Amino acid sequence: MMKTFKLIKDELLAWFEFLFVTNIPGRSGRLLRRFYWSGKLRESSFFNLWPGCEILEPRNITLGKDALLMSGCRLNANDNGTIKIGDRARVNTNVYVGASNGGTIIFGNDVSVGPNVVMRASNHRKASKNAPVSSQGHEHGTIVLEDDVWVGANSVILPNVRIGKGAVIAAGAVVNRDIPSYALAAGVPAKVVKEDCRG
């Protein structure tokens, strides 16, 4: 009986989040989302979520002061993942931040992420030739974007990568290795094309 009650409660909560929290437009929607998610996130301050943002496993997610997540963003910290987004971070539309399956993703302060970026801190394990990849579990890793990093549109950030302070990732890059502070990186896979992109 208790199991059935919990299933019904979880289903009703999912519908409430979808219909009333996630998709209400305007100022009232932003205020509702801030109020609703503040009580569920691990830690949060004065953040701003646009309509259509999806948060999976909020107790594993921290949003910093004045963080902004635009429409269509998805934060996934299921299965012991950790996501920490710093103060004044700007995350554009349709960005996927996936730290599920034990992964960790950390944004420093003043990080800017362009639209349609994918960050995934865990990957499928491929240990056996005789078993489907979907049955072999995951290997988790960490992604760190230090302060003032700018990630261009349509980029992909893979596990076990640290992007140094002030670095710029060009649009469409695939980052599979560390990028030094203040460097400009571009390409597939991303390579440093300019050592210091300041001024």
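The values are calculated or read from the model by the stated rules, or taken from the named source; none is laboratory data. Please read all numbers here as calculations on a predicted model, not as lab measurements. Backbone-built Cβ (ideal geometry, glycine too); neighbour counts: all protein chains shown.
Taken as a whole, segment 178-185 holds at least one residue that is farther than 16 Å from Ile105 by Cα, assigned to a strand (DSSP E or B) and either among the aliphatic types (A, V, I, L, M) or without any contact (Cβ under 8 Å) to a residue 60 or more places away in the chain (or both). Val21 meets the conditions (1) closer than 28 Å to Thr104 by Cα; (2) free of Cβ contacts under 8 Å to residues at least 12 places away in the same chain in every case but one. The failed one is (2). Listed conditions (1) under 16 Å from Gly64 (Cα atoms); (2) out of contact with any helix residue (DSSP H, G or I) (no Cβ under 6 Å at 6 or more places or on another chain); (3) among the basic types (Lys, Arg) are all met by Lys6, apart from (1). When Asn154 is tested against (1) in a loop (DSSP other than H, G, I, E, B); (2) without any contact (Cβ under 8 Å) to a residue 12 or more places away in the chain, just one condition goes unmet, and that condition is (2).
State yes or no: is Arg74 touching a strand residue (DSSP E or B) at 6+ places or on another chain (Cβ under 9 Å) and either within 20 Å of Val168 (Cα to Cα) or buried (at least 18 other Cβ atoms within 10 Å of the Cβ) (or both)? No; evaluated as a whole, the condition is false for this residue.
For segment 145-160, filtered to residues that are within 17 Å of Ser100 (Cβ to Cβ) and not polar (S, T, N, Q), the residue that is surrounded by the most Cβ atoms within 10 Å (Cβ to Cβ) is Ile157.
Of the strands (runs of 3 or more DSSP E) that lie entirely inside segment 1-103, those containing 1 or more residues that are of a type in the set (Ser, Thr, Tyr) and modelled with pLDDT of 95 or more span 61-63, 82-85, 96-98.
Return yes or no: is Lys126 over 24 Å from Met70 (Cβ atoms), charged (D, E, K, R), without any contact (Cβ under 8 Å) to a residue 60 or more places away in the chain and surrounded by fewer than 17 Cβ atoms within 10 Å (Cβ to Cβ)? Yes. Can you find even one residue in segment 115-122 that is within 21 Å of Val91 (Cβ to Cβ) and among the hydroxyl-bearing types (Ser, Thr, Tyr)? Scanning segment 115-122 turns up at least one residue that is within 21 Å of Val91 (Cβ to Cβ) and among the hydroxyl-bearing types (Ser, Thr, Tyr). The conditions of being surrounded by 13 or more Cβ atoms within 10 Å (Cβ to Cβ) and among the hydrophobic types (A, V, I, L, M, F, W, C) are not met by Ala14.
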